[in-house]
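Engineer: Right, I'll just put the structure down here and ask away after.
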Amino acid sequence: MINFGVVGCGRVARVHTEAIAAAADANLYALCDTGEQRIRQYADRYPIKAVYTDFEEMLGDPAIDVINICTPHGLHAEMAVKSIEAGKHVMIEKPLALSLDEADRIIETARRQRVKVTVVQQNRFNEAILTTRRALQEGRFGRLTYGTAYIRWRREQDYYDQDAWRGTTAMADGVLMNQAIHTIDLLVWLMGPVKRITGRTATRQHRLEMEDLGVAMLEFESGALAIVDGTTTIFPSDLGAGLNLFGQNGMVCIGGNAANRIEKWRFGRDFQQEENEVLALQKENPASVYGTGHTHCVRDFVQAVREDREPFISLEDGRYALKIVLAIYQSNSTGLPVDLTQ
């Protein structure tokens with residue numbers, strides 16, 4: 001049994017604790033937070049063996065095999081490095097870090113300590129995404145021409161007011177870093193390396209220091225183009241998250257609450273029968289925008305630890321998604337495109 005300790009008992013800890021509890025050979029052993037009330041909301045649900053209000057003390061517990069970092073963005077890097085140096089395997093909620101230097105420090109420390117570390121970009125496990133990736137690998141699209149990725153969600157002001165760190169520049173808690181990074185990750189995973197980015201951000205509806213709207217154009221090394229848009233200003237309710245891929249021989253449109261449902265599957269001119277078959281296999285849309293991928297992340301990570309292999313989602317994957325978001329911010333700041341090949 002692999003013992004997990006979750007640090008940070010806020011909003012996203014719910015899906016982490018549920019995923020650990022649901023995964024075979026995983027045991028939710030410990031919780032850590034500076035607020036005892038936040039700990040209690042999860043400790044009362046599960047047979048927790050240990051609770052901590054001091055992170056350093058938690059790291060000293062030899063029974064804990066894996067640390068799940070669910071703290072505000074700006075704390076991820078330091079906590080990850082300390083956990084790795086303590087000999088723990090680590091699962092880091094996105095974003096991996098807030099700078100590429102921090103990301104590189106995590107990567108180098110993990111290599112040196114020979115532990116397993118992943119970043120939780122759980123939508124890579126969506127069946128709709130994996131099915132589309134297989135079609136790409138089989139060459140069904142031909143040459144990709146264009147793509148789009150979007151998160152069009154609603155967040156009321158009380159979402160940002162619930163914690164002092166939300167929406168702040170110190171924690172880089174804007175819609176691109178917090179929400180849209182998921183579909184950005186999927187887009188570049190499917191379409192390949194990016195050559196140049198032009199981006200703009202704005203704060204249109206909420207009282208916060210960061211953006212609640214971001215739009216970018218991505219130019220890929222392949223010559224394909226893509227548009228990314230992410231916002232929490234949709235009124236009156238969420239429109240979902242997804243992406244569209246267009247190639248010379250076909251197209252796929254993925255939607256749902258969390259980029260989890262194929263809505264169009266069209267290859268060649270006589271696509272209708274195959275599309276009907278693919279759409280008939282689509283599962284129920286998950287009620288939560290978190291989707292269902294966290295359980296797959298935990299299962300894969302347990303197997304990675306047991307089999308001494310790399311996790312399905314690598315630290316380099318997390319670094320690249322971060323690099324894209326940071327480039328959008330840089331382009332917005334300078335008003336110029338950002339060349340990612342330099």
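Engineer: Quick check of the Kirkwood formula: for the range 277-342, what is the inverse mean of 1/r over all pairs of different Cα atoms, in Å? Don't jump to the answer; show the numbers that get you there.
Structural biologist: On the way: mean 1/r = 0.0643 Å⁻¹.
Radius from the Kirkwood sum: 15.6 Å.
Engineer: Same structure, new question: Between the range 64-81 and the range 112-142, what's the alpha-carbon centroid distance in Å?
Structural biologist: 23
Engineer: Now a separate question. Does anyone have the angle between helix 315-334 and the longest principal axis of the chain? Alpha-carbon axes, 0 to 90°, nearest 10?
Structural biologist: Approximately 70 degrees, to the nearest 10.
Engineer: I've got another one for you. Please say if the range 182-265 is rounded, prolate or oblate, where rounded means a/c under 1.5 for a ≥ b ≥ c the square roots of the C-alpha gyration tensor eigenvalues, and otherwise the choice is prolate for a/b larger than b/c and oblate otherwise?
Structural biologist: Numbers: a/c = 2.79, a/b = 1.33, b/c = 2.09.
The shape class here is oblate.
Engineer: A follow-up question, please. How large, in Å, is the range 69-141 by the Kirkwood hydrodynamic radius built from its alpha-carbon pairs?
Structural biologist: 13.5
Engineer: Kindly give the semi-axes, whole Å and largest first, of the ellipsoid equivalent to the range 129-172, taking each as the square root of 5 times a Cα gyration tensor eigenvalue. Let's see the in-between values first.
Structural biologist: Numbers: eigenvalues 301, 26, 22 Å².
They are 39, 11, 11 Å, listed from largest to smallest.
Engineer: Also, quick follow-up: What relative contact order, as a whole-number percentage, does the chain give when Cα pairs under 8 Å and 6 or more residues apart are counted?
Structural biologist: Relative contact order comes out at 19 percent.
Engineer: Leaving out ligands, DNA and RNA, and with a 1.4 Å probe, what % of the accessible surface on the chain is carbon or sulfur? Let's see the in-between values first.
Structural biologist: On the way: 6990 of 15010 Å².
C and S fraction of accessible area: 47 percent.
Engineer: Sticking with this structure for a sec: Can you classify the range 194-342 as rounded, prolate or oblate using the Cα gyration tensor, where a ≥ b ≥ c are the square roots of its eigenvalues, rounded means a/c under 1.5, and otherwise it's prolate if a/b beats b/c and oblate if not?
Structural biologist: Verdict is rounded for the range 194-342.
Engineer: So if I take the centroid of the Cα atoms in the range 1-56 and the same for the range 285-315, what is the distance between those two points in Å?
Structural biologist: 17
Engineer: Follow-up. Output the peptides 288-297, 157-166, 105-114, 65-74 sorted from most to least packed, where packing is the average of other Cβ atoms within 10 Å over each peptide's residues. Provide the component values of the computation, followed by the final result.
Structural biologist: On the way: 288-297: 20.5, 157-166: 13.8, 105-114: 16.4, 65-74: 23.7.
The packing order, highest mean first, is 65-74, 288-297, 105-114, 157-166.
Engineer: Pop the C-beta distance of ARG112 and MET1 into the FRET formula with R0 = 25 Å and round what comes out to the nearest 0.05.
Structural biologist: Details: r = 27 Å, r/R0 = 1.08.
FRET efficiency, ARG112 to MET1: 0.40.
Engineer: While we're looking at this one, here's another question. Quick one: Karplus J couplings for the range 254-263, per residue in order, coefficients 6.51, -1.76, 1.60, θ = phi - 60°, nearest Hz, x for Gly and Pro?
Structural biologist: Working through the residues one at a time gives 10, x, x, 5, 9, 6, 10, 10, 6, 10 Hz.
Engineer: Counting helices only, and only those DSSP H runs with n ≥ 4, report the 222 nm mean residue ellipticity of the chain as the sum of -39,500 (n - 2.57) divided by its residues, in deg cm²/dmol to the nearest 500.
Structural biologist: Numbers: 11 runs with 118 residues, N = 342.
After summing the helix terms and dividing by residue count, I get -10500 deg cm²/dmol.
Engineer: Same structure, new question: So with the 1.4 Å probe, I'd like the accessible area per residue for the chain, rounded to whole Å². Mind showing how you got there, number by number?
Structural biologist: Working: 15010 Å² over 342 residues.
Using a 1.4 Å probe on heavy atoms only, each residue of the chain averages 44 Å².
Engineer: Where both partners of a DSSP beta bridge lie in the chain, what percent of those bridges are antiparallel, to the nearest 5?
Structural biologist: Numbers: 37 of 65 bridges.
Around 55 percent antiparallel, to the nearest 5.
Engineer: Kindly flag which residue pairs out of LYS94/LYS283; LYS195/LYS283; LYS49/LYS82; LYS88/LYS195 have an alpha-carbon separation exceeding 30 Å in this structure. The partial results should precede the final answer.
Structural biologist: Numbers: LYS94/LYS283 25 Å; LYS195/LYS283 35 Å; LYS49/LYS82 22 Å; LYS88/LYS195 36 Å.
Beyond 30 Å between Cα atoms: LYS195/LYS283; LYS88/LYS195.
Engineer: Here's a follow-up. Using a/c under 1.5 as the rounded threshold, could you call the chain rounded, prolate or oblate? The axes a ≥ b ≥ c are square roots of the C-alpha gyration tensor eigenvalues, and prolate needs a/b larger than b/c, oblate otherwise.
Structural biologist: Working: a/c = 1.61, a/b = 1.40, b/c = 1.15.
Since a/c reaches 1.5 and a/b is larger than b/c, the shape of the chain is classed as prolate.
Engineer: If you don't mind, there's one more thing I want to ask. Counting other Cβ atoms within 10 Å of each Cβ, which trypsin sites (Lys or Arg not before Pro) in the range 22-72 have at most 14 and sit in a DSSP loop? Don't skip to the end; give the middle numbers.
Structural biologist: Values: sites: ARG38, ARG40, ARG45, LYS49; in loops: ARG45, LYS49.
Those that pass, being in a loop and sparsely packed, are ARG45.
Engineer: Take peptides 268-274, 258-264, 135-141 and line them up by average Cβ neighbours within 10 Å, highest first, as a rough protection proxy.
Structural biologist: Numbers: 268-274: 9.7, 258-264: 21.7, 135-141: 13.9.
Put in order of decreasing packing, that is 258-264, 135-141, 268-274.
The values are calculated or read from the model by the stated rules, or taken from the named source; none is laboratory data. From a predicted model like this one, the values you see are computed outputs, not experimental measurements. In this analysis, Cβ positions are derived from the backbone assuming ideal geometry, glycine residues included, and neighbour counts consider all displayed protein chains. For the accessible areas, the whole protein counts, side chains as well, though only heavy atoms, and no ligand, DNA or RNA atoms are used. Shrake-Rupley method; radii C 1.70, N 1.55, O 1.52, S 1.80 Å.
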